[in-house]
Amino acid sequence: MKINGINVIVQRKNIKNMYLRVIPPEGNVKISAPYFVSDDEIIEFVNSKMDWIMDKRLKIENNEYIPDLKYVNGEKHLLWGEEYTLQLIANNIKTAFVNENTLYLPVSKRSKIKNRQKTLEDFYRAELKKELDNIYDKCTSVVGRKAEDIKIRKMKNWGNCKKNKVITLNLNLARKPKICLEYVLIHELCHLIEFNHSKKFKMLMDKNCPNWREIKKILNE
Ligand SMILES: [Zn+2]
């Protein structure tokens, strides 16, 4: 069944209580339910756990738990929506770079996964900063607001905007097509006018980023 657009797979079992799991990578919900529980009760149960489900799905979406990445030659990694094959190179080169379909990661052969991950994340951060330089003026003039500061972090949401006008953007935006970064930035800048996601806010988005709904879909693919 489908609840709130989420695929829910129900498995009937000889058990007394219902159990619920969110399964990567799609974020489908799997429910183990006793035979005597009705579909309506299952729907009610899923709805009562919706906040928790959405939180789990967001974590899966945001690659907060990137599974089994080893940062070895041949591994696939994304940059701006394109897939690249990882190639480790001598670490006398300072930063990672891409050429054709290859992402070159300057790390020593004996480096730990953690160091390799950090090298790649530094690269993502630098790429994001470069792209932000390209689009910031355009986005701020579209919205008519400027941020006090922009930070880049690994985080649960794609972005957030605090009352002190500091915008934080998710490091993983570097994995997504560039248009997604622009959309998230405009979204957060709009929060400098409307702090919630009200109708007014959506109208503001319609005005400042007319195809934001499509971009949002791409972002969450
Ligand atoms: Zn928002």
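The values are calculated or read from the model by the stated rules, or taken from the named source; none is laboratory data. Since the structure is predicted, the reported quantities are computational estimates derived from the model, not experimental observations. Note that each Cβ is placed from the backbone with ideal geometry, even for glycine, and that neighbours are counted across all protein chains shown.
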Task: Test for LYS202: is it of a type in the set (Lys, Arg) and either within 12 Å of the ligand (Cβ to nearest atom) or surrounded by fewer than 21 Cβ atoms within 10 Å (Cβ to Cβ) (or both) - done: yes
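Please indicate, with yes or no, whether at least one residue in region 106-113 is in a helix (DSSP H, G or I) and outside the structural domain of GLU194 (by TED's automatic domain parsing).
Of all residues in region 106-113, those in a helix (DSSP H, G or I) come to 113.
This time we only want the ones that are outside the structural domain of GLU194 (by TED's automatic domain parsing), so: 113.
For region 106-113, residues in a helix (DSSP H, G or I) and outside the structural domain of GLU194 (by TED's automatic domain parsing): present.
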Open item on the list: What's the number of the only condition in (1) more than 12 Å from the ligand (Cβ to nearest atom); (2) within 12 Å of the chain's Cα centre (by Cα) that LYS216 fails to meet?
Closed with: (1)
- [ ] Take region 181-198 and flag every residue that is assigned to a helix (DSSP H, G or I) and either touching a strand residue (DSSP E or B) at 6+ places or on another chain (Cβ under 8 Å) or within 14 Å of the ligand (Cβ to nearest atom) (or both).
- [x] LEU181, TYR183, VAL184, LEU185, ILE186, HIS187, GLU188, LEU189, CYS190
Open item on the list: Could you go through region 56-70 and let me know if any residue there is surrounded by fewer than 18 Cβ atoms within 10 Å (Cβ to Cβ), on the phi < 0 side of the Ramachandran plot, at pLDDT below 95 and assigned to a strand (DSSP E or B).
Closed with: no
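Given the structure, is LYS129 surrounded by fewer than 16 Cβ atoms within 10 Å (Cβ to Cβ), over 18 Å from the mean Cα position of the chain (by Cα) and either outside any loop (DSSP other than H, G, I, E, B) or modelled with pLDDT of 95 or more (or both)?
On the way: surrounded by fewer than 16 Cβ atoms within 10 Å (Cβ to Cβ): yes; over 18 Å from the mean Cα position of the chain (by Cα): no; either outside any loop (DSSP other than H, G, I, E, B) or modelled with pLDDT of 95 or more (or both): yes.
Spelling it out, it is not the case that LYS129 is surrounded by fewer than 16 Cβ atoms within 10 Å (Cβ to Cβ), over 18 Å from the mean Cα position of the chain (by Cα) and either outside any loop (DSSP other than H, G, I, E, B) or modelled with pLDDT of 95 or more (or both).
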TODO: Mind listing just one residue for me: the one in region 151-167 that is within 13 Å of LEU189 (Cβ to Cβ) and in contact with a strand residue (DSSP E or B) (Cβ under 6 Å, 6 or more places away or on another chain) and, of those, farthest from the ligand (Cβ to nearest atom)?
DONE: VAL166
Open item on the list: Return the pair list, or none, for Cβ contacts closer than 7 Å from residues in region 159-180 that are hydroxyl-bearing (Ser, Thr, Tyr) to residues that are outside any loop (DSSP other than H, G, I, E, B) and away from the ligand (no atom under 14 Å from the Cβ), at least 6 apart or on different chains.
Closed with: THR168/LYS151; THR168/ARG153
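Test GLU148 against the criterion of being of a type in the set (Asp, Glu) and within 16 Å of the ligand (Cβ to nearest atom), and give yes or no. If you could, list the steps in order and put the result at the bottom.
Details: of a type in the set (Asp, Glu): yes; within 16 Å of the ligand (Cβ to nearest atom): no.
Here the answer is no, as GLU148 does not meet what is asked.
In region 101-115, what residues are of a type outside the set (Val, Ile, Thr) and modelled with pLDDT under 95?
Taking region 101-115 as the starting set, the residues that turn out to be of a type outside the set (Val, Ile, Thr) are 101, 103-106, 108-112, 114-115.
Answer for region 101-115, where residues must be of a type outside the set (Val, Ile, Thr) and modelled with pLDDT under 95: SER108, LYS109, ARG110, SER111, LYS112, LYS114, ASN115.
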